[in-house]
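Scroll down for the structure; my scribbles are underneath it.
The values are calculated or read from the model by the stated rules, or taken from the named source; none is laboratory data. What you see is a predicted model, and the numbers here were worked out from it, not measured in a lab. Note that each Cβ is placed from the backbone with ideal geometry, even for glycine, and that neighbours are counted across all protein chains shown.
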Amino acid sequence: MAKLSDAQQRALAGLLGLGDQSARKSHYPELTARLDELEAERNRYIRLNDELEQRVAARTDELLEANLNLQQQIAQREQIEQDLRDARDAAQAANRSKDKYLAAASHDLLQPLNAARLLISTLRERNLPSVEQVLVERTHQALEGAEDLLTDLLDISRLDQAAVKPDVALYRLDELFAPLVSEFQSVAQAAGLNLRARTGGYAIRTDLRLLTRILRNFLSNACRYTDEGCILLGARRRGDRLRLEVWDTGRGIAADRLGSIFLEFNQLDVGRASDRKGVGLGLAIVERIADILGYPVAVRSWPGRGSMFSIEVPLSDEMPLAISQLPVAPTTGNPLPGRRLLVIDNEVSILESMRALLGQWGCEVVTATDQAGALLALQGRAPELILADYHLDHGVVGCTVVKHLREHFEQKIPAVIITADRTDQCRRALRRLEAPLLNKPVKPGKLRAVLSQLLA
């Protein structure tokens, strides 16, 4: 590199601040000013940093306070949720207690009511003087009203507690219709009505017990609210569904009342319904059961001409094997003469009432309060059918007694269980036993229909 000249060296030194003293002195004011600017800038940054720290501290305090409030809110919410859980548990416990009370009360109430109904039914079938016959009929109506009221209250309570679960299976339509026709034939005839049924070769998938409850309510209302004419139980196919219909020739329902008939405590005071007061829960129960099953319910009515209630159920392409048809003859007279029946109940009044009713039907009746008494009374001869109460003394259930008697006689003796217990546990036990269930108070028409089927 070529050596710089003196002039060039001086210029470079000036640029680097290395010039002579006089040159350096000339730059002092500029350097001082620059240093002042840098100091001011530094102080500004310090202030900004202090402000930022203050803002951060304030925001931190705000966040801490907000977090504290949030924790308090969470604690309050948790307390509220705990209170709600406690209230729910208390309500559930209260409902369970209520259910237990209703079950116990229903058993205690239905036992004497059942005995009275059986005795009155026995008297109704006898040739009594007209005055006594009127008194018997009025007593029958009073007991029937009490039975309906108590049964409806128990049913609506179980339905509201969601204690009813559908048990869906395949059934022939005639398997559903035949017991209903047998049961209501005598009811219709007593009211001067003609009951007809149109079955058809259909099969349905449903809960037989729940669907029967709905149709029984339809038929009961038809008999109650029809003064003269006929009642028709039939079925119409609608695609993959089957519409079950109950027609009557009653007074009908006004159009402005059709929307309220399924409400609780709604009752039409027309026809013979005025002779037997209830609380208007029948159709409310129908609607709840239909909701559980998922079946649509409909009603059509023509004031002065009659009404039609219907429910649509799933139709099945499968057809179960045919069953023995239930008789549809009236239930008066002696349909079971000479048949030997065993009745087991821990209530002596029930035994006496059953003995009177079944004896009037021509049956040979053997009674007992427990298994040992039954074996003693039977004297080594097996009965043709067993009628057993579900709840016996000392925690023994009728299903167990029936099982032991079958084993003792080495025969599968037909059996019917009679009980006020409407729980699913009871139904499951009966399913294993392959025995039909009759709820107390026992309706004589239904009892005779079941006995006729089992002894056919």
When region 206-221 is examined, which residues are found to be more than 19 Å from the chain's Cα centre (by Cα) and either closer than 18 Å to PRO320 by Cα or without any contact (Cβ under 8 Å) to a residue 40 or more places away in the chain (or both)? LEU219
Please count how many residues of region 118-133 are farther than 19 Å from GLN189 by Cβ and in a helix (DSSP H, G or I). 5
Within region 353-451, considering only helices (runs of 4 or more DSSP H) that don't extend past its boundaries, which have at least 3 residues that are closer than 24 Å to ARG209 by Cα and either free of Cβ contacts under 8 Å to residues at least 24 places away in the same chain or under 28 Å from the mean Cα position of the chain (by Cα) (or both)? 398-409, 424-433
Which ones in region 342-352 are in contact (Cβ under 8 Å) with a residue 60 or more places away in the chain and within 32 Å of the chain's Cα centre (by Cα)? ASP345, GLU347, ILE350
Starting from region 185-205, keep only residues that are buried (at least 17 other Cβ atoms within 10 Å of the Cβ), then list their pairs with residues that are of a type in the set (S, T, N, Q) whose Cβ atoms are within a distance under 7 Å, requiring at least 6 positions of separation or different chains. SER186/THR331; SER186/THR332; ALA188/ASN194; LEU193/THR226; LEU195/GLN185; ALA203/SER316; ILE204/SER316
Residues in region 158-177: is at least one at pLDDT below 80, part of a helix (DSSP H, G or I) and in contact with an Asp or Glu (Cβ under 7 Å, 6 or more places away or on another chain)? no
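Conditions tested, residue by residue: (1) closer than 20 Å to GLY338 by Cβ; (2) surrounded by 16 or more Cβ atoms within 10 Å (Cβ to Cβ).
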site	(1), (2)
GLY359	yes, no
LEU378	yes, yes
ARG381	yes, no
GLU384	yes, yes
HIS404	no, no
PRO414	yes, yes
